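What follows is a short report on a single structure.
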Amino acid sequence: MRLPVGLPLSILLATVAAVTATAANGRGSSVAHREAVDRVRTKVVVVKTGRGNLHGFGTGFLARPGLVVTAGHVVDEVASVAAWVNGVGYRADVLETHMDHDLAILGLRAPNLLLKPVELARDSASLRDREALVVVAGAALPPSAEGDPAERIGLPAGFKRRVRLRDPAGRLDTLLELETQVERGDSGSPVVRLRDAAVVGVLSSRQVPGVDGISRAAYAVPVEVLHGWLDAAERKSGRKSEFYLFRNR
């Protein structure tokens, strides 16, 4: 960095301190982003669906043992569902749908899957303006592609505001508006708070994409919608709320 000649020492020192702090904060944000993605990525699921000759895909995440949360439209009126977890595909059943909030709960046919669920924030009320978030999604791939993409992608995001939007059926819903870049297949991804790697929302919709297929803003269902609904689904499914260990690869 070049500094002007002839400035008082106090100003020079203040300038250097500000630049150093900015650089440190940048490194800190990068570290926090990477750590948040690492804590969540093994619990992120690629959801593949089929209906006749039609194939679809989306994203989800393990919210309770054996229970995956995804966007409702990802599994709407499909004949088959497969959930890919860390390179392994499992058959899944649509246990519950909450179309008022465009959410669905899948039950994995994987009783021996030893994997700790994500941490769900109690609510999204404490989100600050422009707070740093990350959308953890599966790598983009064609719907008919075989297997599981090798990576989980951390898409940088920022919380903008809460908005009331109407869905295609005319229902009003309160959503989190995010500044981020998402594309087809990212629906159902967990929206993660960098400061504690807790999930604060579920990616539900996006702005009309540009010619490159990428949207520059997206909307997420706030996490507080999930808690009571997940509790009821867990009781109904008979799955135990146990914690499992999983070794990152």
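Taken together, the values in this text are just the output of simple stated rules run on the coordinates, not laboratory data. Since the structure is predicted, the reported quantities are computational estimates derived from the model, not experimental observations. Note that each Cβ is placed from the backbone with ideal geometry, even for glycine, and that neighbours are counted across all protein chains shown.
At a glance:
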{"quantity": "Local electrostatic count at residue 58 - Lys and Arg +1, Asp and Glu -1, tallied over other residues with Cβ under 13 Å", "calculated": "-1"}
{"quantity": "Length gained when the stretch residue 80-residue 179 is fully extended (0.36 nm per residue, less Cα-Cα span)", "calculated": "32.3 nm"}
{"quantity": "Highest average packing first - 187-193, 70-76, 30-36, Cβ atoms within 10 Å", "calculated": "187-193, 70-76, 30-36"}
{"quantity": "Whichever aspartates and glutamates have a C-alpha closer than 15 Å to that of residue 236, once near sequence neighbours (fewer than 8 apart) are set aside", "calculated": "93, 96"}
{"quantity": "Distance between modelled label sites at residue 55 and residue 129, nm, 7 Å Cα→Cβ extension", "calculated": "4.6"}
{"quantity": "Gained length - residue 171 relative to residue 216, 0.36 nm times residue gap less alpha-carbon distance", "calculated": "13.8 nm"}
{"quantity": "Table column - 3J(HN,Hα) (Hz), segment 78-85, Karplus curve with 6.51, -1.76, 1.60, x for Gly and Pro", "calculated": "10, 8, 9, 9, 10, 10, 9, 10"}
{"quantity": "3J(HN,Hα) from dihedral phi, segment 41-46, Karplus parametrisation 6.51/-1.76/1.60, rounded to Hz, x for glycine, proline", "calculated": "4, 6, 9, 8, 10, 8"}
{"quantity": "Cβ-based net charge around residue 197, under 15 Å, with every Lys or Arg adding one and every Asp or Glu removing one", "calculated": "+4"}
{"quantity": "Rounded to the nearest 20 debye, dipole of segment 73-224 from Cβ charges on Lys, Arg, Asp, Glu", "calculated": "420"}
{"quantity": "Stretch gain in nm, segment residue 164-residue 208, where the contour uses 0.36 nm per residue and the Cα spacing is subtracted", "calculated": "14.1 nm"}
